[in-house]
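Just so you know, all these numbers are worked out from the coordinates, no wet-lab data involved. Predicted model, so just to flag it, every value in this text is computed and none were measured. Neighbour counts are summed over all protein chains in view; Cβ atoms, including those assigned to glycine, are modelled from backbone coordinates with ideal geometry.
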Amino acid sequence: MDEFTRKLPNYGTRSLSEGDRSNLSSIDGRGLELRRTYSHTVENNFVGFEDDLRKVVASLLNENKGQPIFRAILISGMGGQGKTMLVRKVYNLPDIRRHFQGFAWASVSQQWNKKDILRRILISLTSLEKRDEVRRMLDEELVTSLHDVQKKKKCLVVLDDVWSPNVWEIIKPAFPSGENVESKILLTSRNNGVVSKMDDCFIHELKLLSEEESWQLFKKVFSKSASTDLEGLYFGALAGVAPHMGFDLLHA
């Protein structure tokens, strides 16, 4: 940290003003409109999550000998920490694709609609050819059909970016439970409380990257940038983020 503090003036860094913070808040508000995620996006910057990947996959495949078998797994962590990236990596792994027979990905976010979520999951687990039929289904038909298809075959359903415990309370009748059910649910959230009313759910909390992992990730992302001063860019970025995380870098 002393070395970090010494280099800050060389890179022209400063603490963010209230005006800066206000601008960031308005940008964050507009960003909520772009929160929808997709399962097919390729992740090229997967650094520091190898152990998390191994643990989540083992739980999904029931490979933790002597450990309880969970129907659902929650990946929790701060915003931007890599929850969706990790789940996307898991979702597309060959071992996972071979193990499960049906796959569905639903981006929930703060503004969500029950029927829209259930329809998208059901279409993914059945067939695009049934899209029109699914869209005509009443609420009870959607719940029953989704429940049944997850009992008939092993399915993996991702509920990404869940914000409220009410989400599970509202949609849980569509998800079967019991010892003979082999389908799994994989969720991501910033709040562990979203699964407070969910039975047999394993919570996996992401840890912050180490200093070395952060540097390796930064180099991987910006190695092809026109800027050659990666170290300066790195320290400058940290100095801008630190005040929002409660760090006073100049007096550390």
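Structure notes:
- Hydrodynamic analysis of segment 50-150 uses the Kirkwood radius over alpha carbon pairs. Inserted into Stokes-Einstein at 37 °C and 0.692 mPa s, it gives a translational diffusion coefficient of 211 µm²/s.
- Of the two radii for segment 93-211, the radius of gyration is 0.98 times the Kirkwood radius, both from the alpha carbons; that is the Rg over Rh value.
- Using 0.36 nm per residue and subtracting the Cα-Cα separation, the extra length available between D51 and K151 on full extension is 32.9 nm.
- Note on N180 and Q111: the extension gain reaches 21.5 nm, defined as 0.36 nm multiplied by sequence separation minus the Cα-Cα distance.
- For segment 63-120, fraction of C-alpha pairs farther apart than 12 Å, in %: 78
- Restraint check, K83/K130; K115/K153; K115/K207; K55/K115; K89/K153, Cα-Cα greater than 27 Å: K83/K130; K115/K207; K55/K115
- The protection proxy used here, the mean number of other Cβ atoms lying within 10 Å of each residue, ranks peptides 150-161, 75-86 as follows, highest first: 150-161, 75-86.
- The residues neighbouring K151, those whose beta-carbon lies less than 14 Å from its own, together hold a net charge of +2 under the Lys/Arg +1, Asp/Glu -1 convention.
- Taking amide H positions as modeled 1.01 Å from N, with prolines and chain starts lacking one, the residues under 5 Å from L187 and 5 or more places away or on another chain are I73, L74, I75, L159.
- Proximal charge balance of F100 [Cβ under 12 Å; K/R count +1, D/E count -1]: +3
- Karplus-derived HN-Hα couplings along segment 133-143 (A = 6.51, B = -1.76, C = 1.60, θ = phi - 60°), whole Hz, x at Gly and Pro: 5, 5, 5, 8, 5, 6, 3, 5, 5, 4, 4
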